[in-house]
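Okay, so here's the structure we're looking at.
The values are calculated or read from the model by the stated rules, or taken from the named source; none is laboratory data. These numbers were taken from a predicted model, which means no experiment stands behind them. When we count neighbours, we look across all protein chains shown, and the Cβ atoms used for this are built from the backbone with ideal geometry, even at glycine. Ligands, DNA and RNA are excluded from the accessible area calculation, which covers all protein heavy atoms including side chains. Shrake-Rupley method; radii C 1.70, N 1.55, O 1.52, S 1.80 Å.
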Amino acid sequence: MLSASNQAQTPSGVPLIDMSRQYSALEQELTAAVLRVCQSGRFVLGPDGQQLEESLANYCRAKHAIACASGSDALLLALMACGVGPGDEVLVPSYTFFATASAVARLGAKPVFVDIEPSTFNLDVRRLQHCITSATKAIVPVHLYGQCADMPAVLEIARQYRLAVIEDAAQAIGAELCGRKAGTMGDIGCFSFYPTKNLGGFGDGGLMTTDRDDLAERLRLLRVHGMEPRYYHRVMGINSRLDSIQAAVLNVKLPHLDRWTAQRQACARRYTQFFAAYGLDRVLTLPVEAPDRRHVWNQYIVRVPEGKRDELRAHLAERHIGSEIYYPVPLHLQECFAYLGYGKGSLPETERAAAETLALPMFAELTADEQELVVREVAAFFGPRHGLTGPKYLKHAAVRQQ
Ligand SMILES: *Cc1c(COP(=O)(O)O)cnc(C)c1O
């Protein structure tokens, strides 16, 4: 928590994310939980891991939750459990973190990249059908930035062509679509506890959810070298279990997740109001919530027009305001996927997003003062060029009161 004197000060910079604030607020509970694991001598999964799996199955309203070593491994294990292998094709977005597609490639299968819809940055379901062949085995929709992809349409196509659906919910824990939680609509949901995710550990961690008993059993087997009973290997698995220390940390944090999400949502609303007050909603494209969604705002992403994105980023950096580009090179244009033969221009919306988007500071503890500083500096950058002066500038005072 910030002290009253801190709140009164105008901030001198704004970090993209500041994890120390969440840590200070929970420090005693967190250090006690970690110490307890050290004393217990149970370091892999163990009682803390089991408790986390139960709590998260409950939180996500999934029948099963299986913890593993990272979100990347969750995707790999999920594809393995669905039997994806050499010769198979898997439909994935190109505008996402690398792990979504690398999991497919690591199994000898072929990632088939699908373009996105520009307003939500998620899979354009109208394009899915054109990418399906007799080799297509699965679809991996990503709930990017904390907002669910169009799952009803994905599930309908999957049903029609008998494809597995693996949700990449790494950025979307707690997100909903029509009241259903991210990660519980397809066959398997994959989550990440990387420190910058909405529920972050003190290192790597991941989890898979499923309602299917057969898949749950397979996932549990695959994460321990396919071993059952001990030293008898039924299938080719990997070593991917969650450390007890991470589970203990996450068990302390989980009860706060919905409050943090509400704070992120308040931050998103405030940004939108500030930008409008400064007239910047005419200059930037602000993020939108699609209908029937509960957006959990892992990132607040704006589109910057006219090739000015990198200049704006440099302007903010000079003023100690953090920002980031997710993702500067779409996956279909990455060197390691050159063998797939996608050229520049093959996924136009994906490439446009990669060139225009900028992530602004977003975390639960971000203050209104800090957000106003961010917006003021964006206005200072565009102001002279876009006539952003006059009464609009004064309106922000009214927003501050809300
Ligand atoms: C973070 C992330 C992952 C990978 O999670 P790790 O825990 O870092 O391995 C996968 N997909 C998306 C969309 C992510 O944001």
Notebook entry, point to check: In segment 29-80, how many are open to solvent by 10 Å² or more (accessible area, probe 1.4 Å), among the β-branched types (Val, Ile, Thr) and outside any helix (DSSP H, G or I)?
Noted result: 1
Notebook entry, point to check: residue 105 versus (1) open to solvent by less than 10 Å² (accessible area, probe 1.4 Å); (2) among the small types (Gly, Ala, Ser); (3) away from the ligand (no atom under 12 Å from the Cβ): which is the lone unmet condition?
Noted result: (1)
Next item on the list: Filter segment 99-152 for residues that are of a type in the set (Val, Ile, Thr) and more than 21 Å from the chain's Cα centre (by Cα) and give the result.
Entry: 132, 133, 136
Notebook entry, point to check: Would you pick out the residues in segment 91-101 that are within 14 Å of the ligand (Cβ to nearest atom), within 14 Å of residue 139 (Cα to Cα) and either outside any loop (DSSP other than H, G, I, E, B) or without any contact (Cβ under 8 Å) to a residue 24 or more places away in the chain (or both)?
Noted result: 92, 93, 100, 101
Margin query: Please go through (1) outside the structural domain of residue 57 (by TED's automatic domain parsing); (2) open to solvent by less than 60 Å² (accessible area, probe 1.4 Å) for residue 288 and return the number of the only condition it doesn't satisfy.
Written below: (2)
Check: Does segment 328-370 hold any residues that are within 26 Å of residue 279 (Cα to Cα), open to solvent by less than 30 Å² (accessible area, probe 1.4 Å) and within 21 Å of the chain's Cα centre (by Cα), and which are they?
Finding: 353, 354, 357, 358, 359, 360, 361, 362, 363, 364, 366
Margin query: Just to confirm my filter: which strands (runs of 3 or more DSSP E) fall fully inside segment 188-303 and include at least 2 residues that are closer than 30 Å to residue 352 by Cβ and at pLDDT 95 or above?
Written below: 188-192, 300-303
Notebook entry, point to check: Checking residue 182 against (1) farther than 26 Å from residue 303 by Cβ; (2) within 16 Å of the ligand (Cβ to nearest atom), which test does it fail?
Noted result: (1)
Checklist line | Checklist (1) buried (at least 21 other Cβ atoms within 10 Å of the Cβ); (2) over 21 Å from residue 48 (Cβ atoms); (3) away from the ligand (no atom under 16 Å from the Cβ) applied to residue 216, failing item | finding: (2)
Check: Can you name every residue in segment 157-179 that is free of Cβ contacts under 8 Å to residues at least 60 places away in the same chain, assigned to a strand (DSSP E or B) and within 12 Å of the ligand (Cβ to nearest atom)?
Finding: 167
Note to self: Would you confirm whether or not segment 338-348 contains a residue that is in contact with a Leu (Cβ under 8 Å, 6 or more places away or on another chain), within 16 Å of the ligand (Cβ to nearest atom) and over 30 Å from residue 50 (Cα atoms)?
What the structure shows: no
Check: How about segment 50-90: which of its residues are within 9 Å of the ligand (Cβ to nearest atom) and either over 22 Å from residue 329 (Cα atoms) or polar (S, T, N, Q) (or both)?
Finding: 69, 70, 72, 73, 74
Check: within 16 Å of the ligand (Cβ to nearest atom), part of a helix (DSSP H, G or I) and touching a residue at least 60 places away in the same chain (Cβ under 8 Å), is that true of residue 332?
Finding: yes
Margin query: Which condition from (1) away from the ligand (no atom under 14 Å from the Cβ); (2) within 17 Å of the chain's Cα centre (by Cα) is the one that residue 204 breaks?
Written below: (1)
Note to self: Among the residues that make up segment 13-22, is at least one of them outside the structural domain of residue 195 (by TED's automatic domain parsing), outside any helix (DSSP H, G or I) and more than 22 Å from the chain's Cα centre (by Cα)?
What the structure shows: yes
Next item on the list: Considering only segment 122-156, state which residues are part of a loop (DSSP other than H, G, I, E, B), farther than 14 Å from residue 183 by Cα and within 16 Å of the ligand (Cβ to nearest atom).
Entry: 122
